[in-house]
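Quick notes on the structure that follows.
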Amino acid sequence: MLERLDSRLLYENGGFEIKEEPFYLPQGNEIALFEAAFKKKLPVMLKGPTGSGKTRLVEYMAWKLEQPLYTVACHDDLSANDLTGRYIIKGDDVEWIDGPLLMAVKNGGIVYLDEVVEARKDTTVVIHPLTDHRRYMLVEKLGKIFYAPEDFMLVISYNPGYQSVLKELKQSTRQRFVSIALGWPGEDLETQIVHIETGVEHDIARKLVKAANKIRNLVHQGLEEGVSTRELVYAGTLLNSGVPMRDALYSTMIEPLTHDSDLKRSIEEILKNYFDV
């Protein structure tokens with residue numbers, strides 16, 4: 001069936017070259033492992049909580065390896081057609097448009113499927129042949145098989161601690177990837193990240209990190225996810241721009257985490273131990 005142009009096909013479909021070095025401080029040996037996987041044409045799976053640096057790592061590696069990056073933010077409605085492409089009606093003509101995965105397979109580069117477990121299950125049928133020695137992609141609507149070039153790389157990410165049982169990534173899929181685990185950075189490293197990214201005073205950055213680590217302990221007491229490094233960067237950015245302490249902290253370290261009033265009070269008590277709020 002011919003389909004009209006869908007706006008979902010346009011989001012982030014184009015590959016782009018990263019001209020300037022993204023700021024990234026490694027937690028361990030993830031840079032060397034990623035680079036080795038690229039050279040040996042192995043797919044990579046990034047595992048870790050939201051805001052732990054998965055996307056930033058991919059951006060940094062695309063810059064370091066001098067490869068275009070095709071990013072797809074996966075969601076419930078994302079299908080295999082959104083990755084491969086489809087026919088569209090454009091005026092009186094019918095045209096085929098490549099999806100981001102097919103673009104990368106044709107042109108080379110890194111394709112990044114962010115939170116891949118959120119996509120529909122038929123997407124795994126498309127990516128599986130690209131994760132082993134075959135490295136090909138069958139596009140049934142075109143009746144063609146496309147073989148990935150030397151500089152093609154498939155990277156996926158997901159958050160195993162957050163996904164429900166119904167959305168767990170299958171073992172058969174996980175075992176097709178080199179897995180790189182990213183957790184919360186150590187206190188010194190995370191303090192350095194917040195300080196450099198935001199320009200906030202080092203002492204403030206350290207207090208933000210210390211408070212975040214205390215809040216993260218609540219994950220096992222009702223909180224779904226802890227404060228991400230990203231939220232700490234947001235907090236530092238707001239503070240450095242002159243936003244009052246209470247407003248900056250509440251809007252980044254309380255309100256995004258929970259709607260539960262009891263949990264909010266618990267987080268507020270933690271913040272009071274480090275800040276005048």
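Taken together, the values in this text are just the output of simple stated rules run on the coordinates, not laboratory data. Since the model is a prediction, treat every value here as computed from it, not as a measurement. Note: ideal-geometry Cβ built from the backbone for every residue, glycine included; neighbour counts use all protein chains shown.
Could you tell me the calculated FRET efficiency between Tyr136 and Gln171, based on Cβ-Cβ distance and R0 = 25 angstrom, to the nearest 0.05? Don't skip to the answer; put the middle values down first.
Numbers: r = 23 Å, r/R0 = 0.92.
The calculated FRET efficiency here is 0.60.
If R₀ is 30 angstrom, what is the calculated FRET efficiency for the pair Leu189 and Thr50, using the beta carbon separation as r and rounding to 0.05? Intermediate values should be presented prior to the final figure.
Numbers: r = 18 Å, r/R0 = 0.60.
The pair Leu189/Thr50 has a calculated efficiency of 0.95.
Label 7 Å along Cα→Cβ of Val178; the range 48-63 residues with amide nitrogen under 11 Å?
Inside the label zone: nothing.
May I ask you to evaluate 6.51 cos²θ - 1.76 cosθ + 1.60, the Karplus curve with θ = phi - 60°, for each residue of the range 88-101 and list the ³J(HN,Hα) values in order in whole Hz, giving x for glycine and proline?
Each residue's phi maps through the Karplus curve to give 10, 9, 10, x, 9, 10, 10, 10, 9, 10, 6, x, x, 5 Hz.
Taking the Cβ of each residue in Leu169, Leu78, Leu69 as the centre, tally the other Cβ atoms inside 10 Å and list the residues starting with the fewest.
Details: Leu169 17, Leu78 20, Leu69 23.
The order, fewest Cβ neighbours first, is Leu169, Leu78, Leu69.
Taking 0.36 nm per intervening residue step and subtracting the Cα-Cα distance, what contour gain separates Asp93 from His220 on full extension? Intermediate results must be reported in sequence, preceding the final value.
Working: separation 127, 0.36 × 127 = 45.72 nm, distance 5.61 nm.
Length gained between Asp93 and His220: 40.1 nm.
Within a Cβ distance under 12 Å of Pro26, other residues only, what is the Lys/Arg minus Asp/Glu net charge?
Within the 12 Å Cβ shell, the charges total 0.
I'd like the antiparallel share, as a percent to the nearest 5, of DSSP beta bridges with both residues in the chain. Write out the running numbers ahead of the final one.
Values: 11 of 31 bridges.
Within the chain, antiparallel bridges account for around 35 percent of the total.
Rounded to the nearest 0.05, what FRET efficiency is calculated for Asn213 and Asp76 with R0 set to 45 Å and r the Cβ-Cβ distance? Let's see the in-between values first.
On the way: r = 32 Å, r/R0 = 0.72.
According to the calculation, E is roughly 0.90.
Could you give the dipole magnitude of the chain about its Cα centre, charging the beta-carbon of Lys and Arg +1 and that of Asp and Glu -1, in debye to the nearest 20? Mind dumping the intermediate values first?
Working: 33 positive and 42 negative charges, 178 e Å.
The calculated dipole for the chain is roughly 860 debye.
Sort largest first and round to whole Å: the equivalent ellipsoid semi-axes of the range 187-272, each the square root of five times a Cα gyration tensor eigenvalue. Don't skip to the end; give the middle numbers.
Details: eigenvalues 86, 38, 19 Å².
Whole-Å semi-axes of the equivalent ellipsoid: 21, 14, 10.
If you rank Tyr24, Tyr60 by fewest surrounding Cβ atoms within 10 Å, what's the result? Don't jump to the answer; show the numbers that get you there.
Numbers: Tyr24 18, Tyr60 21.
Ordered from fewest to most neighbouring Cβ atoms within 10 Å, Tyr24, Tyr60 come out as Tyr24, Tyr60.
Which entries in the list Lys207/Lys264; Lys40/Lys121; Lys106/Lys141 go over 21 Å, if you measure between the two C-alpha atoms of each?
On the way: Lys207/Lys264 19 Å; Lys40/Lys121 27 Å; Lys106/Lys141 16 Å.
The pairs that break the limit, which is 21 Å between Cα atoms, are Lys40/Lys121.
Output the peptides 258-264, 117-123, 94-100, 44-50 sorted from most to least packed, where packing is the average of other Cβ atoms within 10 Å over each peptide's residues.
Working: 258-264: 12.4, 117-123: 18.4, 94-100: 16.6, 44-50: 21.3.
Most protected by this proxy first, the peptides run 44-50, 117-123, 94-100, 258-264.
Cut-off is 10 Å between beta-carbons; in what order do Arg246, Arg176 appear when sorted fewest neighbours first?
Working: Arg246 14, Arg176 19.
Lowest count first: Arg246, Arg176.
Work out from phi, with θ = phi - 60° and the Karplus expression 6.51 cos²θ - 1.76 cosθ + 1.60, the ³J(HN,Hα) of each residue of the range 236-250, listed in order in whole Hz, and give x for Gly and Pro.
x, 5, 5, 4, 5, 8, x, 5, x, 3, 4, 5, 5, 6, 5
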